[in-house]
Amino acid sequence: MAQGKTKGLQAKSPAAASRHAAKAAAGTKKGKRHIPPKKTVLVKQAQMQKSLTAKINKSIEQQMVTAASAGKLTIMRNSGPQPSSSKS
């Protein structure tokens, strides 16, 4: 085994790590860009749209809960008559 200090390997300084993180964060992110509205009419419209979407989603989820709790939960329905397992 090698003893003593190794050539060429140096500990990374914390300043270099923070510069790398800042450079990575400075780039643009993937995905759709969303700029919030500034005009009062558009702000109200966006709030209404958000509240309506929340109400619709809540209604759909409530319908799913009632449909699921109404009967027995199954993954698949039986496609045909089941063969009898009694032997003659």
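A short reminder: the numbers here are calculations on the coordinates, not readings from a lab. Note that this is a predicted model, so its numbers are computed, not measured. Positions of Cβ are backbone-derived with ideal geometry, glycine not excepted, and every protein chain shown enters the neighbour counts.
Annotations
- Spin-label model distance (nm) - Thr53 vs His20, 7 Å beyond Cα toward Cβ: 3.7
- Using the Cβ-Cβ distance between Lys72 and Lys5 with R0 set to 41 Å, the FRET efficiency works out to roughly 0.05.
- Modelled this way, with points 7 Å down the Cα-to-C-beta line, the labels at Leu42 and Gln62 are 3.3 nm from one another.
- Phi to ³J(HN,Hα) by Karplus 6.51 cos²θ - 1.76 cosθ + 1.60 over segment 30-46, Hz, x for Gly, Pro: 6, x, 6, 8, 10, 10, x, x, 10, 6, 5, 5, 6, 5, 5, 5, 5
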